[in-house]
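Undergrad: Right, I'll just put the structure down here and ask away after.
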Amino acid sequence: MTEKPAIVLVHGFWGGAAHWAKVIVELHNRGYDKLHAVENPLTSLADDAARTRQMVQQVEGPVLLVGHSYGGAVITEAGDLPNVVGLVYVAAFVPDAGESPGQISEQLPPAAFENIAPDSDGYLWIKPDKFRESFAQDLPEDEALVMAVTQKAPAGSTFGDTVTEPAWKHKPSWYQVSTQDRMINPDNERRMAERMNPRKVIELDASHASLASQPSAIADLIDEAVNELAL
C-alpha cells in the first residue's frame, strides 16, 4: 500500500468524539489531513458499529481504525470492511467472538468499578465527584471537570453486547496499555493484547484517558502503524 490511510477515531463510553481533541491536533501537526472522528450513540454495539461503518464507507481509499476503551469493541465489530487496513487499540476492549466488554471486566474488575452508577433510565454514569480519580487522574482538575460534566452515558445493556466476527483476527493491529488504568484492569488490557498477537504493544504510565494525557505517544503509535502499513 502506497497511499497513506485516512484515520477514523472511535471514542468509548463516557465521552464523545471530542475526547480525541489533542490527538487530532497532534496528527494534524504531523501532516495528516484525512482525519475523522465518529460520534457514536452508545446505545448498542450494533448501533455504534453501524455508525462507524457508515463513516468508513464515506472515505475513499484505505482506512486505519483507532478505538479507545469501548471503541475497541466497536472497531473489532466494524473493522471487517474491505478498505479497513489496520486497527489501533488505545486502552481498549478487544473482545473475541461471542464476548462482551462486560464479560471481560467481570474476569478482572477495574479499580473504579464501584464508581459507575445506573440512572432510572438504564444509562450508566461515572459519579461526577469520582470521575477524575476513576477515568483521568493524570489530567488537570479543570480538564477532568469538563469531561465529568460532559460525559456521555452509555445504555447499560451495551456492556453485554457481544462481538460477532472479530476484525483483529484478519487485520494488522497495534495496542496501547495504560498501566494506571482504573476503568479497564491493566492486566486485562495485557491479556487482550497478547491473544490478539498485535504488531506492537506499548505501555504508558497513564490513566484510562491516555488519549488526552499522552496524545503525543498515542500519535506516535498511530504514526508507526501507518508507516508499517505503507511498506
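Readers should treat all values here as calculations from the given coordinates under stated rules, not as data from a laboratory. Just so it is clear, the model here is predicted, and its values are computed rather than measured. All Cβ positions, glycine included, derive from the backbone under ideal geometry; neighbour counts span all protein chains shown.
Undergrad: In debye, nearest 20: dipole of the stretch 69-173 around its Cα centre with unit charges on the Cβ of K, R (+) and D, E (-)?
TA: 200 debye
Undergrad: How would you rank 176-185, 152-161, highest first, on the average number of other Cβ atoms within 10 Å across their residues?
TA: 176-185, 152-161
Undergrad: Within 14 Å, Cβ to Cβ, of I126, how many net charges do the neighbouring residues add up to if Lys/Arg are +1 and Asp/Glu are -1?
TA: Net charge around I126: 0.
Undergrad: Another one. When ranked by the protection proxy of mean other Cβ atoms within 10 Å per residue, highest first, what sequence do the peptides 24-35, 46-57 form?
TA: Most protected by this proxy first, the peptides run 46-57, 24-35.
Undergrad: Right, another one. Dipole magnitude of the chain about its Cα centre, charges +1 at Lys/Arg Cβ and -1 at Asp/Glu Cβ only, in debye to the nearest 20?
TA: 360 debye
Undergrad: Moving on to the next point. Charges on Cβ only, +1 for Lys and Arg, -1 for Asp and Glu, centred on the Cα centroid of the stretch 96-231; of P198, I218, L145, which one is farthest towards the dipole's positive end?
TA: The residue sitting most towards the positive pole is P198.
Undergrad: Just from its helices, what would the mean residue ellipticity at 222 nm be for the chain, if runs of 4 or more DSSP H residues each count -39500 (n - 2.57) and the sum is divided by every residue, rounded to the nearest 500 deg cm²/dmol?
TA: Helix contribution divided over all residues of the chain: -10000 deg cm²/dmol.
Undergrad: With Rg and the Kirkwood Rh both taken from Cα atoms, where does Rg over Rh land for the stretch 168-231?
TA: The Rg/Rh ratio comes out at 0.98.
Undergrad: Right, another one. Evaluate the Kirkwood expression for the hydrodynamic radius of the stretch 74-136, namely the inverse of the mean inverse distance over all pairs of different C-alpha atoms, and round to one decimal in Å.
TA: Taking the inverse mean of 1/r over all distinct Cα pairs, the stretch 74-136 comes out at 14.1 Å.
Undergrad: If the cut-off is 28 Å between C-alpha atoms, which lysines fall inside it for K171, apart from same-chain ones fewer than 8 positions away?
TA: K4, K22, K34, K200
Undergrad: Here's another thing I want to ask about it. When the convex hull of the Cα atoms of the chain is projected onto a plane and the area is averaged over all directions, what value comes out in nm²?
TA: Projected area, direction-averaged: 11.0 nm².
Undergrad: While we're looking at this one, here's another question. Could you work out the Rg to Rh ratio of the stretch 16-125, with Rh taken as the Kirkwood radius (inverse of the mean 1/r over all Cα pairs)?
TA: Across the stretch 16-125, the Cα-based Rg/Rh ratio is 0.99.
Undergrad: Could you give the size of the charge dipole of the stretch 150-195 about its Cα centre, using +1 on the Cβ of each K and R and -1 on the Cβ of each D and E, expressed in debye and rounded to the nearest 20? If you can, show how the numbers build up before the last one.
TA: Details: 7 positive and 6 negative charges, 16 e Å.
Dipole about the Cα centre, nearest 20: 80 debye.
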